[in-house]
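Working notes, structure below.
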Amino acid sequence: MTGQEAPDPFRLAYVPGVTPTKWVRIWNERLPDIPLTLTMVTAAEAPGILRDRGADAALLRLPIDRTDLHAIPLYTETTVVVVPKDHVTTAADEISAADLDDEIVLQPLDDTLAWERHPGRPALERPATTRDAVELVAAGVGLLVVPQSLARLHHRRDLTYRPVTDAPESRVALSWPEAATTDLVEEFIGIVRGRTVNSWRGRPTPPQPKRERSEPEDRRRTSTGRRVRRGAGGPRNGRRGRPGRRS
């Protein structure tokens, strides 16, 4: 036992559908001594957890109230409609929102799509969660429009999905408190932005020791401080020169 305290972990929250696996792997490779903990939260909970310092950063869906929070958009998802496999919409590769006008389209309370006008006809009640809405689609109650990652997350064998070309898109972002932009937050920003370990904001490369240059043989000094020049003080190649002729 060394008696050293374990470092505090980097706490990352993420919403359903977001897959942080690749970034966590890179973190573990670059900072093996600092654990990264993951916590799944609902889309509605994510901003509050950051403000309450329940997490150091979060992967969430925009839009959010950015008061006191930074947010870096990372990527945009395709929006799809989840339908039974035998539904008429499966005959097309993609549809428009207008194609849903005669359908009951469920809108769960955790819906994050920024609709100006929700498509289709509303259900009598709004499901509490996207998971609940998917179950209702399977029961034949209605259809559901969600980001593609959520359709994959709640995949069922009896359901499929098609892209909705003119629906609002879901943007996934990295967010953290403005007053808590720590070195570890900067490290994670670099990872999600694809910076290499040697980039200017990544972990600095340790300085390499300077190699001492040895002086050429003809410029070395003797122990008395006198320079020794090549050929000085003795014959070259071990042979004596021939004496010059006398005139």
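Calculate I(q)/I(0) for the range 1-88 by the Debye formula, one identical point scatterer on each C-alpha and no solvent, and give its log10 at q = 0.16 Å⁻¹ to two decimals. Here the Debye-derived log intensity ratios amount to -0.76. Using the 1.4 Å probe convention, the accessible area of the range 1-52 works out to 64 Å² per residue with neighbouring protein chains retained. Per the Debye calculation on the range 94-204 with a single equal scatterer at every Cα and no solvent contribution, log₁₀ I(q)/I(0) for q = 0.17, 0.20, 0.24 Å⁻¹ amounts to -0.82, -1.00, -1.38. The trypsin sites (Lys or Arg not before Pro) of the range 7-59 that DSSP puts in a loop, and whose beta carbon has at most 11 other beta carbons within 10 Å, are Arg53.
A Stokes-Einstein calculation at 25 °C with viscosity 0.890 mPa s, built on the Kirkwood radius of the range 92-144 over Cα pairs, returns a diffusion coefficient of 214 µm²/s. Think of a 1.4 Å ball rolled over the protein heavy atoms: the range 118-186 then has 53 Å² of accessible area per residue. Sparse packing (at most 11 other Cβ atoms within 10 Å of the Cβ) combined with a DSSP loop state is found for the following GluC sites (Glu not before Pro) in the range 75-123: Glu116. Remark on the range 1-153: Rg and Dmax equal 19.3, 69 Å (Cα only).
Once label points are set 7 Å from the Cα along Cα→Cβ at both Thr196 and Thr165, what is their separation, rounded to one decimal in nm? Output for this residue pair reads 4.2 nm. Residue ranking by accessible heavy-atom surface, 1.4 Å probe, largest first, among Leu153, Leu59 comes out as Leu153, Leu59. Applying Stokes-Einstein at 4 °C and 1.567 mPa s to the Kirkwood radius of the range 152-198, computed over alpha-carbon pairs, gives a translational diffusion coefficient of 88 µm² s⁻¹. In this structure, the amide hydrogen of Leu143, modeled 1.01 Å from its nitrogen in the peptide plane, lies closer than 5 angstrom to those of Ile104, Val105, Leu106, counting only residues at least 5 positions away or on a different chain.
The values are calculated or read from the model by the stated rules, or taken from the named source; none is laboratory data. Just so we're clear, the structure is a prediction, and the values are computed from it rather than from any experiment. Ideal geometry is used to build each Cβ from the backbone, glycine not excepted, and the neighbour counts take in all protein chains shown. Quick note on the areas: whole protein, heavy atoms, side chains included, nothing else; ligands and nucleic acids left out. Shrake-Rupley method; radii C 1.70, N 1.55, O 1.52, S 1.80 Å.
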